[in-house]
Amino acid sequence: MRHTLSQINTSLKVSQCEKGWRMYGENRELMTMTCAHCKKIVGMRVDPEDIERHAEGLFVQHAFVDREGTPYLTPAEREMWISGCCGECWDLLCPRDKLAYN
Ligand SMILES: [Zn+2]
């Protein structure tokens with residue numbers, strides 16, 4: 001049986017409600033992550049339900065958003081979720097200066 005997109009969206013919303021999810025980063029709690037490279041501990045405030053959405057496959061830039069859909073993590077905080085590197089290590093690994101790649 002084929003489902004239309006609106007049927008799929010409706011069933012997705014129902015399953016999210018059954019899990020008691022609120023939407024859009026409203027319940028941000030302080031958490032820490034350790035940089036995979038320099039082992040520095042980085043603190044950030046995130047909604048645990050956004051972590052769950054990300055763990056279930058939603059991209060970081062779509063999972064950690066506020067009610068308006070605006071991402072609330074800084075680029076450095078997003079990088080911790082994507083590569084496990086803190087902002088300082090990422091700047092060392094991927095310098096903005098194009099001459100650094102020659
Ligand atoms: Zn680091």
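With respect to the conditions (1) away from the ligand (no atom under 14 Å from the Cβ); (2) modelled with pLDDT under 95, Leu30 lacks only one, and its number is (2).
Take the conditions farther than 11 Å from Val42 by Cβ and of a type in the set (Gly, Ala, Ser) and apply them to Ala63. Does it pass? So Ala63 fits the description; yes. What are the residues in segment 33-49 that are surrounded by 15 or more Cβ atoms within 10 Å (Cβ to Cβ), within 15 Å of Thr74 (Cα to Cα) and away from the ligand (no atom under 16 Å from the Cβ), if any? Those that are surrounded by 15 or more Cβ atoms within 10 Å (Cβ to Cβ), within 15 Å of Thr74 (Cα to Cα) and away from the ligand (no atom under 16 Å from the Cβ): Val46, Asp47.
Each residue in segment 62-94 was checked for being under 10 Å from the mean Cα position of the chain (by Cα) and surrounded by 14 or more Cβ atoms within 10 Å (Cβ to Cβ), and 11 of them qualify.
The values are calculated or read from the model by the stated rules, or taken from the named source; none is laboratory data. Predicted, not measured: the structure shown is a model, and the values here were computed from it. No Cβ is skipped: glycine too gets one built from the backbone with ideal geometry, and neighbour counts run over all protein chains shown.
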